[in-house]
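Heads up: the structure comes next, in structure tokens.
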Amino acid sequence: MAQPSASDRRQSVRAGVVWDGVRQLLEADGSEHARIVDIGGGTGGFAVPLAELGHTVQVIDPSPDALASLDRRARERGVADRVTGQQGDLSDLATLVDEADLVLCHGVLEMVDDPAASLASIAGVLRPGGHLSLLVAQRHAAVVARAMAGHFQAARELLEGEATEGAAGRGGRRFTHDELVGLLGAAGLDASSVQAVRVFADLVPGSLLDLEPGATAALVELERAVATRAEYLPLATQLHVIATR
Ligand SMILES: C[S@@+](CC[C@H](N)C(=O)[O-])C[C@H]1O[C@@H](n2cnc3c(N)ncnc32)[C@H](O)[C@@H]1O
């Protein structure tokens with residue numbers, strides 16, 4: 001059997017905890033044919049595997065290149081009939097989506113002008129009891145990363161907080177746990193679980209995963225083990241929140 005490539009190994013570490021959370025949510029809901037919207041879904045890294053489980057996925061993304069890759073990937077994996085790609089962005093949600101059981105918003109809230117308005121738009125297309133899977137960059141890990149790289153002033157500025165009111169800035173916004181829960185609550189969404197994502201993955205040298213047999217699998221297990229421990233949330237590169245309308 002072909003060995004996974006270095007980029008596949010890194011992807012498995014990055015996506016493992018988030019994928020577990022989304023799959024468990026769908027299993028707990030008992031729906032085999034959920035209507036899923038993946039806003040900023042890019043090339044379909046989540047959309048296509050979700051379609052393979054039997055769900056219908058509408059991907060909305062402003063990038064035509066990403067949508068072309070999505071289309072190719074869906075056809076190659078035999079799920080083109082359950083995956084639709086549409087060009088648009090978060091502000092178009094109300095016009096493009098009828099009603100969704102689950103909205104994925106992974107790696108997008110960092111880039112929008114108004115996160116509060118974006119979350120309100122998402123809440124507006126969820127059915128009552130529907131869920132949001134939200135993945136965002138977490139601020140404190142970025143403060144540590146900047147300080148470790150010797151960018152002390154940048155670390156200080158980030159520490160003082162640019163997240164909720166300021167401009168997205170270079171590299172996008174970063175959120176703390178409490179800011180996120182507050183923003184979700186204001187949009188009428190109840191954060192039912194928060195997971196730490198990539199606590200160690202960005203600190204471990206890539207060469208270690210490439211050279212050490214079994215290291216990737218062991219790191220994925222370690223990430224899983226800390227994902228739901230509150231003390232690791234401020235160390236995580238990203239937070240994954242499941243919220244319910
Ligand atoms: C960091 S990538 C994340 C892709 C995918 N969700 C994932 O987790 O692998 C961000 C994606 O958001 C899209 N995007 C950027 N601004 C957006 C906006 N305002 N509304 C929706 N999508 C946006 C980009 O085209 C890109 O595909």
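The values are calculated or read from the model by the stated rules, or taken from the named source; none is laboratory data. What you see is a predicted model, and the numbers here were worked out from it, not measured in a lab. Here the Cβ positions follow ideal geometry from the backbone for every residue, glycine too, while neighbour counts run over all protein chains shown. Surface accessibility is based on the protein's heavy atoms, side chains included, excluding ligands, DNA and RNA. Shrake-Rupley method; radii C 1.70, N 1.55, O 1.52, S 1.80 Å.
Between D81 and T244, the FRET efficiency estimated from the beta carbon spacing at R0 = 25 angstrom works out to 0.30.
Accessible area per residue was computed with a 1.4 Å probe on protein heavy atoms; R146 scores about 60 Å². Convert 10 °C to kelvin, take the viscosity as 1.306 mPa s, use the Kirkwood radius over C-alpha pairs of region 79-237 as Rh, and evaluate the Stokes-Einstein diffusion coefficient in µm²/s, rounded to a whole number. Roughly 90 µm²/s, to the nearest whole number. Principal axis extents of the Cα atoms in region 32-93, from largest to smallest and rounded to whole angstrom, are 29, 22, 16. May I ask you to compute the full-extension gain from E157 to F200, defined as 0.36 nm times their residue separation minus their alpha-carbon distance, rounded to one decimal in nm? In short, 13.1 nm is gained. Considering only P205, P49, P62, the Gaussian network model of the chain with Cα springs below 10 Å gives its largest mean-square fluctuation to P205. Excluding ligands, DNA and RNA, the accessible surface per residue across the chain is 49 Å² with a 1.4 Å probe. Taking only protein heavy atoms and a 1.4 Å probe, the accessible area of the chain is 53% carbon and sulfur. Helical content of the chain, expressed as a calculated mean residue ellipticity at 222 nm, amounts to -13000 deg cm²/dmol (DSSP H runs of 4 or more residues, -39,500 (n - 2.57) each, divided by residue number, nearest 500). Here the calculated FRET efficiency for A225 and D98, from their Cβ-Cβ distance with R0 = 45 Å, stands at 0.70, rounded to the nearest 0.05.
Measuring nothing but how far apart in sequence close Cα pairs (under 8 Å, 6+ apart) lie, relative to its length, the chain scores a relative contact order of 21 percent.
Based on the Cβ-Cβ distance from S63 to D210, what FRET efficiency comes out when R0 is 41 Å, to the nearest 0.05? Computed FRET efficiency for S63 and D210: 0.90.
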